[in-house]
Structures are given as C-alpha cells and as structure tokens.
Amino acid sequence: VIDSAGLVTALNLGWRQFPFEEKLKAALDVPFFVENATRLFILAEQSFGVARGCPNSIYIEVGKGVGAGMVTEGHFMEVPGAAVHFGHITIDPNASDLCNCGKRGCLEAITSAPNIVRQYLEKLRQPKSSHTKLRLADVIERARRGEREANEVLDRAAAMLGLGISYLVALLHPEMIVVGGELVPGADVMVPRIQSVLERHVRDWMGPYKICVSGLGPDIGLTGASSLAFHAALNGSALLHRLCAPPRKTKRGSRASRALPSPLHPATKFQPARTGAIEPADVV
Ligand SMILES: [Zn+2]
C-alpha cells in the first residue's frame, strides 16, 4: 500500500510505512514513479499481453503474496491499495491460517506460494526447516504425479482462489481474468480447478469471462514499469521535454529527482503504449 505521503507498506517485505519515495529520491537523479506491482502487471498485460484490446480485465498474482490488478473500461481502480488488499479478504472466517497482516483466514494466508508449501508440509507432518528449498512448483509436480497430500492442498488453494475471484467477477464483470506469478508453470494443474470453482459461484447473467494464463514471463513487472513511464512521457509534455533534454549536473536528491504522481488513476483512461517513433501528435 502506498499512502498519500509516499510511505509504502509491503508486509511480505517487512515494510510498514517505509519511506520508499524518500530513499529513491536520495539515490536517483531522474523523475520516477512509485506504483504497486500488481497494477503494473495488468498494465503490461493490457499493453503487450493477452489483455490487449480488453478494457475490462483482472490480473491475479500468486507469489510471495496474493494480489489483483484491476482495470474497468480502461480505467484503473480508484483505490490505489485495492490491488494488495485482495489478498487480505477474509476468505475463510473459520480458518486458523495466520496472515502476515495479523488476521486469520486471509486469502493470502491460504493461497500464496509459501503458504501452500507450508500447508503441504503440515499435511506431511514435516518441519518446514527440513524442506527450505521446496517450492510451489514442487508441490504442483507431486500433484501431477498423483500424490494425495499435494492434491488436497492444491484443491483447497484453488477453492479459496476461485471464491475470491468470483467476488471480483460479481463486482467488476471482467471479460478476462489473467492468472500469473507462480501459477503460470502450474497452470495445467491449477487453472481447471479454479475454473470449476468459478463455474459453481458465477452465474451466466454475471457476464461471460475467460481465464487466460500470463505469457509475459518473469520480467512482466519491468514491462509494466516501462509501459507506465512511456505512457506518462507521451501524455505529459513537460516530462517528455525533461527526459529529452541534455543531462544536467545535479547533486543526488536534487530537484531533478522527484516522485511523480502515478498516471494510473481513474480520471485518466489508459491508452496502451505503442512502439515506434514518437510523433508530435502523440504528445497531448
Ligand atoms: Zn491478511
């Protein structure tokens, strides 16, 4: 979550109101944006991935945490922190799974990659310390081979994820749901399970939607970040002139280094970045 003062809370990184903007300002000599990763993921998918030409789409990230980036009618969701709050929906009020946020039963506490591995080891009654290298991909591979414990844990994760996504479908009517992160290599195992849960919880009249798997690879965050900067430069002549100007000799943390407001706010309809030469008409 990025608050109005630029303080970042990222529970999975151990950050609570960390002064990230101030730290970047001291280290960089260029203007910069601070933006939530999941919002950059859906931006990348809208610009270069499966969600191109799809103005109502959702990106679901399962990794260290669980997040959702959401775009409706080409506009990003109003609440900047909404992308990360998705993982902290109480998806099972009776669950004992403890989340990093301090609650029990959060979606992330059951379906993030480390928590799926944790539940698997608990099922095997093995201490986590003896399997520090075990990853979600390993649990998925064991499920593919038919191991019962692995399949039970993945069934529970898929049930909770599908339920969480069904809430977003009911609220936002997305045409496309893109799943990414550590679900990508396990899509053959996880997507059919999530799909079958969605079919139970989403009625036809909530609108047609399809589930796709992200194909942008591990650099999707960089792709989204570059798309954000490109979009901002094309739509802000002052920023474009600043970037095209000859380098100035400045001290670190000087006026050249400043956090810009993210262009991913609902007042701006996002136009996916185009490649090729920048024409004067592109700068509005
Ligand atoms: Zn939580």
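Of all the helices (runs of 4 or more DSSP H) wholly in the range 31-139, which have at least 2 residues that are modelled with pLDDT of 95 or more? Steps first, answer last, please.
Values: elements: 37-48, 82-85, 107-111, 113-124.
The qualifying helices (runs of 4 or more DSSP H) are 107-111, 113-124.
Checked across the range 163-170, the condition of being among the polar types (S, T, N, Q), away from the ligand (no atom under 16 Å from the Cβ) and modelled with pLDDT under 95 holds for no residue. The single condition from (1) away from the ligand (no atom under 16 Å from the Cβ); (2) closer than 15 Å to CYS212 by Cα that ALA68 fails is (1).
Being surrounded by fewer than 17 Cβ atoms within 10 Å (Cβ to Cβ), over 21 Å from ILE177 (Cβ atoms) and touching a residue at least 40 places away in the same chain (Cβ under 8 Å), is that true of even one residue in the range 78-87? The answer is no; no qualifying residue exists.
Filter the range 93-130 down to the residues that are in contact (Cβ under 8 Å) with a residue 24 or more places away in the chain, away from the ligand (no atom under 14 Å from the Cβ) and of a type in the set (S, T, N, Q) and list them by number. Listed by number, the list holds a single entry, GLN119.
If you scan the range 192-207, which residues turn out to be in a helix (DSSP H, G or I) and hydrophobic (A, V, I, L, M, F, W, C)?
If we filter the range 192-207 for residues that are in a helix (DSSP H, G or I), which is where we start, we get 192-201, 204-206.
Listed by number, the residues that qualify are ILE194, VAL197, LEU198, TRP205, MET206.
Checked against (1) within 16 Å of the ligand (Cβ to nearest atom); (2) touching a residue at least 24 places away in the same chain (Cβ under 8 Å), LEU13 meets all criteria but (2). For the range 1-10, a residue qualifies if it is more than 16 Å from the ligand (Cβ to nearest atom) and either in contact with a strand residue (DSSP E or B) (Cβ under 6 Å, 6 or more places away or on another chain) or closer than 13 Å to ASN36 by Cα (or both), and the qualifying residues are ILE2, ASP3, GLY6, LEU7, VAL8.
Among the residues making up the range 184-210, those that are surrounded by fewer than 17 Cβ atoms within 10 Å (Cβ to Cβ) and under 14 Å from GLY164 (Cα atoms) are GLN195, SER196, GLU199, ARG200, HIS201.
The values are calculated or read from the model by the stated rules, or taken from the named source; none is laboratory data. None of the values given here were measured: they were computed from a predicted structure. No Cβ is skipped: glycine too gets one built from the backbone with ideal geometry, and neighbour counts run over all protein chains shown.
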